[in-house]
Each structure stands twice: as structure tokens, then as C-alpha cells.
Amino acid sequence: MKLLLIRHGQTQANIDGLVSSWAPGEELTELGHKQAEELATRLGDAAITGVFSSTLVRAQQSAAPLARVLDQPVVVIEGLHEIEAGEFEGGATREQMIGYLTPMGIWGQGDLTAAHPGAFDGNHFLARFDAAVEEITRKVGDNGTAAVITHSGCIGVWVAGRARNVTPEYSASHHLGNTDIVELVGDPVNGWEATSWAGSPVLVP
């Protein structure tokens, strides 16, 4: 199948540089809504067989225009939500953002036991995101194409952990802007390969 992992549109927390993983989360800004409409235009002619979203408001709002253009429902899937921030929730300083991101870097080095204070470790994240992808695969089938609106942290960590051709270093050094897409092909049994990252081919030495 083809899996399109899409970062949601802009929120005020993105503008302010806040650590934000709380549910239901912020709504999109005016620009974020425009980005969602532009995403629908970009993907409106694609052979998408399912539109999926995390449980957070910003992801559902980002998915809505695409679902409308495709005349499909937005299917909300547990497990696609942002990586929990724990005690760093709402942090506005550079130190707090680094604290939030640090365990993710450790996961990329192979230690999935690192965790944010008051949150979960890498094993927990990968297990719940894997389960979400497996559910999506069952819904669209082996030959389907799923558009999945989720969150940048989730995309970066999960792709680095599950795509055979993407390293944690590649993921960490390739920023995803709002409504950027990482395209993968494969399935949960045989594994995944990333074919494009934010519109560019994935090139990993």
C-alpha cells in the first residue's frame, strides 16, 4: 500500500514555539486553514482510498478539506496523536523544547527506554503508532493509498524507526513544514520504504 504521512496545518503553538501535545489541542490558524485547503487541492486528484486523522483538533481540521474534495469521511484513529510532552507541556523556552526532543534523539540511537518526565518511552510510542498504521492498512487494503494527517514528531520518529531506507540522522535533519508529506510504500508485515520527503526523493547514503 501507499502511506502518505502528512503534518497538520499551522497552529498558534507553532508560531509561538510552544511544546504542545495536549488533547484536544489547538485549532488551526487562518493560515493553517488555508494550508489545509491547499493540501486538498494538491491531493484532490490522487487515488486516495482513505483519509485518516489523529484525535487532535488540528489534525482533523487539516484533514477535512481533503475528505470533502474526495467525498470521503475523515476517519479518526487512536494512536496517531502527538508524542506526549509530560512535564514539558506548554513549555516556551529553548531549554524546555530541547528537553522535549531529547528522548526522541535517544530513541534514534537505539535506546527506547528513555522517557519524558510524566510521559512515555519510545516502546510505548512505536507500539501505539504501529497499531494505528495496522488498523489503517486493514481499512484501505494492500493496494490502497491512505492519507494520514498526524504530527511532525510522530512522523519523524516512526519513519526513522520503521522505514528501511531512512536513518534517524536523516529524519532529524529534514524538517517537515506544515502540511508537508512523507510518502512510503510497503505494509506492516514486509516493512516500509520512504519514497519522498516533503516533495523530494529520499536520498540516504
- Note on the structure: A correct Stokes-Einstein calculation for region 112-205, using the alpha-carbon Kirkwood radius, 10 °C and 1.306 mPa s, returns a whole-number D in µm² s⁻¹ of 113 µm²/s
- Message: Using Cβ counts within 10 Å as a stand-in for footprinting exposure, how do Lys139, Lys2 rank, fewest first?
- Response: Lys139, Lys2
- Can you tell which of Thr11, Ala131, Val148 lies farthest toward the positive end of the dipole of the chain, using +1 and -1 charges on the Cβ of basic and acidic side chains (Lys, Arg; Asp, Glu)? Val148
- Message: I need Ile98, Ile149, Ile181, Ile77 ordered by Cβ neighbour count within 10 Å, fewest first.
- Response: Ile98, Ile181, Ile77, Ile149
- Message: I want the antiparallel fraction of DSSP beta bridges within region 2-200, as a percent rounded to 5.
- Response: 50 percent
- Taking the Cα centre of each part, how many Å lie between region 42-109 and region 124-201? 12 Å
- For semi-axes √(5λ) of the Cα gyration tensor in Å the list reads (i) 24, 21, 15; (ii) 37, 18, 15; (iii) 51, 17, 16; the calculated value is entry (i)
- Please work out how much length the chain gains when fully extended from Ser173 to Ile98, using 0.36 nm per residue of separation minus the C-alpha to C-alpha distance, in nm with one decimal. 25.5 nm
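Read the figures in this text as sums done on the coordinates, not as results from a lab. Model, not experiment: these values are computed from the prediction. When we count neighbours, we look across all protein chains shown, and the Cβ atoms used for this are built from the backbone with ideal geometry, even at glycine.
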